[in-house]
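The block underneath contains the structure these notes are about, expressed in structure tokens.
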Amino acid sequence: MTADPRVSLATLNPGEAAVVVGVQGEGAFRRRLLDMGFIKGTLVRVIKHAPLRNPVEYCIGGTHVTLRLQEAQQIIVEQVTPPPYCRTHDDRGRGRRLGRGRGRGGTWLRRNR
Amino acid sequence: MAEKKSLTIALAGNPNSGKTSIFNSMTGARQHVGNWPGVTVEKKVGYISHRGYEIEIVDLPGTYSLTAYSVEERVVRSYIVDEKPDVVIHVVDSGNLARNLYLTIQLMELDVDLVVDLNMWDEFLDTGAELDLEKIHRLLGAPVVPTVGHRGEGIEALLDAAIDLVEDREEHHRHVPISYGPHVDDLLVELVKQLEDGGVSTHGYPLRWAAIKMLEGDREILKMTTSGEGAPDDASSRLREAAARAIRHISVATGADAETVISEGRSGYVEGALRESLTLPQTDRMELSRRIDNVLTNRFLGYPIFLALMWILFQLTFQVGAYPQGWLESGVTWLAGTLETALPESLVSDLLVNGVVGGVGSVIVFLPSILILFLGIAFLEDSGYMARAAFLMDRLMHALGLHGKSFIPMLMGFGCTVPAIMATRTLESRRDRIMTTLILPLMSCSARLPVYVLVAGAFFAERAGTVVFLIYVIGIVTAMLIGRLFAKTLFRSTPAPFVMELPPYRLPTTKGVLIHMWERGKIYLQKMGGVILVASIVLWFLGAFPRDASVIETYEMDIAALRAAGSVEAAAAADVLESEFAARLTEDSYIGKAGKFIYPAVRPLGFSWEMGVSLITGFVAKEVVVSTLGVLYHTDESTTNGEHSLAAALKDPAGGITPLAGFAFMLFVLLYTPCIVAVIATKREIGAKWMAFSVGYQFLLAWTVSFGVYQIGKLVGL
Ligand SMILES: Nc1nc2c(ncn2[C@@H]2O[C@H](COP(=O)(O)OP(=O)(O)OP(=O)(O)O)[C@@H](O)[C@H]2O)c(=O)[nH]1
Ligand SMILES: [Mg+2]
């Protein structure tokens, strides 16, 4: 059942979090992503999609950055439990305990089974 | 040594980290700050004196890195290397130390004397985070100073630290070479040695830095070191090989490419330093912003709120702006009237009244509206909402082959195209800048409004408002279609990615917003003082000359004779003769000749020759279209119902036009070549070739559309 845990950042749903494994592609844009902090080991959290689904707002290193899904596709991540910071709408009232559920992670699980 | 010592300090740092705020606090200058990454696009210079030093402060554009990929980054690094500032102050957003210090490392590698300014310290403390200043100072090997840029706190200490550094009183000061791991370090040593042995010139860049850049595949540095220009031929080819070998070597040894390995090395170093010195925040500083965004970028509310804000902005601009505009209009009329009565009738008074006051006055009346629009935009930018607007609009703009950030220049385009073109600089890719600049003029600027008001008022009476609105919509729709067309044909390269930071919401300061507004409003005023003034005078000249003395004499004598006769019929005949005289003068003038010459080109559109001329003079500034029509149709502008008589003249079956042609005329004014000042700005921003294209395509577009509308309309019997 456990396939490759590495997925692209674009497959994550709002509320979910992941750790960067690497950035694919080359050239200026890849470099920009590296410089913006999408470096191996960094935690990213999906905050929300724009109303028309694209672009997406991410929280990385305490700042919020927007990317289009096509671009998030280049970022390879490994999903983790959302941290207490970079909180999203879904966390309201849930306190700041670690290890809370995956937000709308249910769909993620289903899709990746 | 009584003479003052001089010093140059440069401010570098991430976009939106507060460099310009620090700059303004230091120099008391009024540069434009904004809660919007990429506000400063050119370096700005200010002067102060501190502790006996004459200090030149340079505000640099914001950058995340120092690659050769973007203009700003190249500007910053070549400035630092070529101009060699005595001290570089790295302005850091303390709320995101990891990413900011990543740039610190790169600055240190450039071998500059560095002071790290921990800006936004207020926000940092608010989140409950703690930083061991002594430790981070030691780890970075550079003095650190907390500041609050927009309130001017810590500025003295910052300047002191910079001067201490220069006077070498700084204790921890040293250049810490960052280790990228034994593998990479060895390769770097080897490359540096080759650079030295080969006698390669790196144009002032430190050798180790150049070696790192070669491993990162930096094109500019590779070209510099291996093109044979900086080095003897065999050395350069050996270098090229050595670099390629090193890059291969790294990827084999680490399983990742060299660029990634080096990025990770830097961020690893920063992480290590922060692990020792930083206590993580208790709260998230984006917490409040996220709550606000739950409403403002909400899936359902996002667009309605956005539209409502835009609606309010336009209401303020055009409805509220109409009041001061009315006052200015009466002021201009009063001035013209006073001058006319005060001065004896002569060519000079005519030049002053109709040329200078009439020409400049017709433009200045738009200033209030434009300032209100820019004030609103400044407020939205400084609060942080504009970044959200770009976030909301990106999907739609992307469909047109544009970028979410293109939205702001296009919004400004409704005020004045010129500052809007300047605002395209916040776009990162040249492709996006060119495309946005090309379709920007289709956003109907405020100078075009009086033409619509005149023509729509003349032909569509009570439906005038709707017709004018329709023209604006046609402009937007055309921009969308043209955008798509260009994206499919001329600019097929992939549009720039949308990586944009969403800054925290901040309460705009009054000073900040006003400076911001003024910076752009100034561009508009400069256009008026310069080009429009000159153009008005030239236009007046072209309309008043050549004067055939014999013709004038004959007319004047005939009129005088009729007037002397005293009978009612004679007086009436004199009136007729007088208007005939005026018409004759205009027709004989250079403008009249030009009008006759181009008439064949505008006749298929249903325009009169006077309208053709006004389109030419409108190239100076679109509002001149109205004043030219006023002159050509001999309607006395200085009377209160001057506009009325002009409208009547347009409708007059004798020399006038049909409503259909009037509509085609409005379309033409909307679509054709922007004014000369905008064309100049276009050239400066995207080059002569694209400027020529812009002028050409818009002229063609305007002519074709007007032709189509008029001819088809005539066919269906409108
Ligand atoms: N809370 C807080 N806000 C600050 C501070 N310094 C600057 N700001 C705000 O941060 C925003 C960005 O400031 P700027 O000075 O325009 O930033 P910049 O680094 O020049 O930005 P670019 O020119 O885009 O690179 C503005 O809204 C400032 O009012 C600070 O110390 N604390
Ligand atoms: Mg700035």
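Derivation of every value follows stated rules applied to the coordinates shown; laboratory data play no part. All figures in this text were calculated on a predicted structure; none of them were measured in a lab. Heads up, the Cβs are rebuilt from the backbone with ideal geometry, glycines too, and the neighbour counts pull from every protein chain shown.
Where the Cα atoms of the stretch B:182-254 are projected onto their three principal axes, how long is each span, largest first, in whole Å?
33, 21, 20
Could you list which residues have their amide H under 5 Å from that of B:Phe498, counting only those 5 or more apart in sequence or on another chain, with H placed in the peptide plane?
Amide H neighbours of B:Phe498, under 5 Å, 5+ apart: A:Arg68.
Just to verify a number: FRET efficiency for B:Ser346 and B:Lys593, C-beta to C-beta distance, R0 = 30 Å, to 0.05?
0.75
Report D for chain B in µm² per second (integer): Stokes-Einstein, Kirkwood Rh on Cα pairs, 37 °C, 0.692 mPa s.
On the way: Rh = 29.4 Å.
D, rounded to a whole number, is 112 µm²/s.
Please give the net charge around B:Ala246, taking every other residue with its beta carbon less than 14 angstrom from that of B:Ala246, where Lys and Arg add +1 and Asp and Glu add -1.
Details: positive: B:Lys193, B:Arg208, B:Lys213, B:Arg238, B:Arg240, B:Arg245, B:Arg248; negative: B:Asp185, B:Asp186, B:Glu190, B:Glu216, B:Asp218, B:Glu241, B:Asp257, B:Glu259.
Combined, the nearby Lys, Arg, Asp and Glu give -1.
Where in chain B lies the longest segment free of GluC sites (Glu not before Pro) that are both loop residues by DSSP (not H, G, I, E, B) and have at most 16 other Cβ atoms within 10 Å?
Looking at chain B, B:346-718 is the longest stretch - no exposed GluC sites (Glu not before Pro) with at most 16 other Cβ atoms within 10 Å.
So, in nm, how far is label B:Ile676 from label B:Glu329 when the simple model puts each one 7 Å beyond its Cα toward the Cβ?
A separation of 2.7 nm, rounded to one decimal place.
Say a paramagnetic label sat at a point 7 Å from the Cα of B:Ser179, along Cα to Cβ; which residues of the stretch B:89-105 have their backbone N under 17 Å from it?
Counting backbone N atoms under 17 Å from the label point, the list is empty.
First measure r as the distance between the Cβ atoms of A:Glu26 and B:Glu569, then evaluate 1/(1 + (r/R0)^6) with R0 = 60 Å and state the FRET efficiency to the nearest 0.05. If you can, show how the numbers build up before the last one.
Values: r = 89 Å, r/R0 = 1.49.
Here the calculated transfer efficiency is 0.10.
Rounded to the nearest 10 degrees, what's the angle between the helix B:590-602 long axis and the longest principal axis of chain B, both from Cα atoms, 0 to 90?
80
With respect to the cross-link table entries B:Lys43/B:Lys511; B:Lys405/B:Lys683; B:Lys622/B:Lys689; B:Lys43/B:Lys689; B:Lys19/B:Lys44, which display a Cα-Cα separation exceeding 18 Å?
Those over the limit are B:Lys43/B:Lys511; B:Lys405/B:Lys683; B:Lys622/B:Lys689; B:Lys43/B:Lys689.
If each residue's Cβ is checked for other Cβ atoms within 10 Å, how do A:Thr11, B:Thr279, B:Thr426 rank with the fewest at the top?
B:Thr279, A:Thr11, B:Thr426
Give the distance, in whole Å, between the Cα centre of the stretch A:6-46 and the Cα centre of the stretch B:567-611.
Cα centres, the stretch A:6-46 to the stretch B:567-611: 70 Å.
Calculate the mean, over all residues of peptide A:35-48, of how many other protein chain Cβ atoms lie within 10 angstrom of the residue's Cβ. Spell out each step's value before the answer.
Working: counts 16, 8, 8, 2, 10, 7, 4, 4, 0, 0, 0, 0, 5, 8.
Average per residue, whole number: 5.
At q = 0.14 Å⁻¹, what is the base-10 log of I(q)/I(0) for the stretch B:5-172 according to the Debye formula with one equal point scatterer per Cα and no solvent? Please give it to two decimals.
Log-scaled intensity ratios, in q order: -0.64.
Please list 3J(HN,Hα) in residue order for the stretch B:184-191, calculated via the Karplus relation 6.51 cos²θ - 1.76 cosθ + 1.60 where θ = phi - 60°; whole Hz, with x for glycine and proline.
Using θ = phi - 60°, the values come out as 5, 4, 4, 5, 5, 4, 5, 5 Hz.
If Lys and Arg each add +1 and Asp and Glu each add -1, what is the summed charge of the other residues whose beta carbon sits under 14 Å from the beta carbon of B:Glu556?
Numbers: positive: B:Arg547, B:Arg563, B:Arg584; negative: B:Glu345, B:Asp548, B:Glu553, B:Asp558, B:Glu578, B:Glu580.
Cβ neighbours under 14 Å give a net charge of -3.
From the backbone phi of the stretch B:551-560, what are the Karplus-calculated ³J(HN,Hα) couplings (6.51 cos²θ - 1.76 cosθ + 1.60, θ = phi - 60°) in whole Hz, Gly and Pro given as x?
4, 4, 4, 4, 4, 4, 5, 4, 5, 4
By how many nm would the segment from B:Leu718 to B:Val71 lengthen if fully extended, with 0.36 nm per residue of separation less the alpha-carbon distance?
Length difference between fully extended and current span is 227.6 nm.
Looking at the square roots a ≥ b ≥ c of the eigenvalues of the Cα gyration tensor of the stretch B:357-421, which shape do they give, rounded for a/c under 1.5, prolate if a/b is larger than b/c, or oblate?
Numbers: a/c = 4.47, a/b = 1.94, b/c = 2.30.
Oblate, since a/c reaches 1.5 and b/c is not below a/b.
Could you check how many percent of all C-alpha pairs in the protein assembly as shown are farther apart than 56 Å?
Roughly 22 percent, once rounded to a whole number.
If you filter the stretch B:256-324 for chymotrypsin sites (Phe, Trp or Tyr not before Pro), then keep DSSP loop positions with at most 11 other Cβ within 10 Å, what is left?
Qualifying residues, ordered by number: B:Phe300.
Please give, to one decimal in nm, the separation of the simple spin-label points placed at A:Thr81 and B:Lys43, each 7 Å out from Cα toward the Cβ.
Result: 5.1 nm between the two label points.
For chain B, what does -39500 (n - 2.57) per DSSP helix run (n ≥ 4), summed and divided by total residues, give at 222 nm, in deg cm²/dmol to the nearest 500? Let's see the in-between values first.
Working: 34 runs with 444 residues, N = 718.
Estimated from H runs of four or more residues: -19500 deg cm²/dmol.
Taking the 0 to 90 degree range and rounding to the nearest ten, how far is the long axis of helix B:322-342 tilted relative to the main principal axis of chain B, both from C-alpha atoms?
50
Could you work out the Kirkwood radius for the stretch B:381-449, taking every pair of different alpha carbons, averaging 1/r and inverting it, reported in Å?
11.9
Would the stretch B:71-118 count as rounded, prolate or oblate if I go by the C-alpha gyration tensor, calling it rounded below 1.5 in a/c and otherwise prolate when a/b exceeds b/c, oblate otherwise?
prolate
By the scheme Lys and Arg +1, Asp and Glu -1, what is the net charge of all other residues having a beta-carbon under 12 Å from that of B:Trp209?
In short, -1.
Given a Förster radius of 25 Å and the C-beta distance between B:Arg219 and B:Arg484 as r, what FRET efficiency does 1/(1 + (r/R0)^6) yield to the nearest 0.05?
Once rounded, the FRET efficiency stands at 0.20.
What's the average, rounded to a whole number, of partner chain beta-carbon atoms within 10 Å of each residue's beta-carbon in B:388-395?
Values: counts 3, 0, 2, 8, 4, 2, 6, 8.
Partner-chain Cβ atoms within 10 Å, mean over residues of B:388-395: 4.
How large is ³J(HN,Hα) for each residue in the stretch B:299-314, as worked out from phi by the Karplus curve 6.51 cos²θ - 1.76 cosθ + 1.60 (θ = phi - 60°), to whole Hz, x for Gly and Pro?
Here the 3J(HN,Hα) series is 4, 9, 8, x, 6, x, 5, 4, 4, 4, 5, 5, 4, 4, 4, 6 Hz.
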